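Take a look at the structure set out below.
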Amino acid sequence: MTTKIADEERVNFSDRLKTALRAAGVPAAPTLFMRAYNLRADGASVTPHAVRKWLSGEAIPTHEKIVILATWLGVHAAWLRFGDAENADTAAVGLPSSMLSGENLAMMNDIVSLPASTQQILREIIDAFVRNHRAGSLRSDKKGKRQ
């Protein structure tokens, strides 16, 4: 049996999650959301059913998953989970303003002008490059420590 407070918490979490998704330009369709999330999950993957429950206010993810969501969507984990007013307008991560000029801004504008389905494909390609780059960096670090 759930309490009214627990029900409200789940619904409020769902509302904040949907707000963060919209702000980040991420589709709220469970399968697309799941694929994009799982690219970042590093072992904490989810099913479309779990995502559907998050979006409908039936469940709240674990803290680990909230941290992954918050980092991905550029919001504070405390805000996403609890609606912490102090952190509501502050992104957890962002680009330095020096990077938001010239060619980078033009590229971002070009990407945003594409259809959502094409943006999703580009996001998945970029995520694959980032994962590959990070894996290469980790291998390089390990080689350097052995010497």
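A few comments on the model shown:
- Pairwise FRET efficiency - residue 132 versus residue 23, Cβ, R0 = 22 Å, nearest 0.05: 0.20
- Computed from phi, the 3J(HN,Hα) profile of region 3-14 under the Karplus parametrisation 6.51, -1.76, 1.60 (θ = phi - 60°) reads 8, 4, 5, 4, 4, 5, 4, 5, 5, 5, 4, 4 Hz, with x in place of Gly and Pro.
- Long-range amide H partners of residue 76 with built H, under 5 Å: 92
- In Hz, Karplus ³J(HN,Hα) per residue of region 65-76 (6.51, -1.76, 1.60; θ = phi - 60°; x = Gly, Pro): 6, 5, 5, 4, 4, 4, 5, 4, 8, x, 10, 6
- A dipole drawn for region 1-93 from +1 and -1 charges on Cβ atoms has a positive end, and of 36, 82, 59 the residue lying farthest that way is 36.
- Between residue 109 and residue 125, the distance separating the two model label sites (each 7 Å from Cα on the Cα→Cβ line) works out to 2.1 nm.
- Net +/- balance of residues flanking residue 39 in space, Cβ distance below 15 Å, scoring K and R +1, D and E -1: +3
- Vicinal HN-Hα couplings computed from phi for region 78-84 (Karplus, 6.51 cos²θ - 1.76 cosθ + 1.60; Hz; Gly/Pro x): 5, 5, 4, 7, 10, x, 3
Taken together, the values in this text are just the output of simple stated rules run on the coordinates, not laboratory data. All values derive from a computational prediction rather than experimental measurement. Glycine gets a Cβ as well: all are built from the backbone with ideal geometry, and neighbour counts include every protein chain shown.
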